[in-house]
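A quick write-up on the structure given underneath.
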Amino acid sequence: MIGRLRTVVIDCPDPRALAGFYAELLGLPVDDRSAEDGWVVLGGDPGQHPRLAFQKAVNLREPRWPDPSRPQQFHLDVTVDDVEAAEAKVLALGATRLTGSGQGWRVYADPVGHPFCLCWDD
């Protein structure tokens, strides 16, 4: 092992707003110590995992699932117990259901367009 994952950083036009979306989706606290212009972190101290950070990107060209000319750039798999209940909640938070699903997963976009999956065990 060369190192340990510290933070996944997501570019977006409004870090505070997108951090709020993922705070609700994942139940992670916003680390108010990180709140500086253009940067917000979820998940606490660097030694605590998982951590997500949101960084301001002025000219972000959002991904378009499943368009290969606008690749997803990254995505998160989020495990849920009840996909129907979880779907209703993420849609209410501003997510969009995207085409694509499989046995045990469905694809969505966050409010900025980044894809993520709700996953469950059958």
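Bear in mind that the values in this text are calculations on the coordinates, not laboratory data. Note that the coordinates shown come from a computational prediction; the quantities given were computed from them, not determined experimentally. All Cβ positions, even for glycine, are placed from backbone atoms using ideal geometry, and neighbour counts span all protein chains on display.
With a cut-off of 8 Å between alpha carbons and a minimum separation of six or more residues, what is the relative contact order of the chain in percent? Before the final figure, lay out each step's value.
Details: 218 pairs, mean separation 28.4, N = 122.
Relative CO of the chain lands at 23 percent.
Helix 15-26 and the longest principal axis of the Cα set of the chain meet at an angle near 50°.
Note on the chain: the alpha carbon radius of gyration divided by the globular reference 2.2 N^0.38 Å gives 1.07. Using r as the Cβ-Cβ distance of Arg6 and Thr99, and R0 as 25 Å, what FRET efficiency do you calculate, to the nearest 0.05? With R0 = 25 Å, the Cβ-Cβ based efficiency is 0.15. When both bridge partners sit in segment 76-119, DSSP labels roughly 70% of those beta bridges antiparallel. To check you understand DSSP bridge types, tell me what percent of the beta bridges within the chain (both residues inside) are antiparallel, rounded to 5. Taking every DSSP beta bridge within the chain, about 65 percent pair in antiparallel fashion.
With coordinates expressed along the principal axes, the C-alpha atoms belonging to segment 76-119 extend over 25, 18, 16 Å, beginning with the largest. Within segment 81-103, what residues put their amide N at less than 13 Å from the label point 7 Å along the Cα-to-Cβ vector of Glu24? In segment 81-103, the label zone of Glu24 (backbone N under 13 Å from the point 7 Å along Cα→Cβ) covers 87-96.
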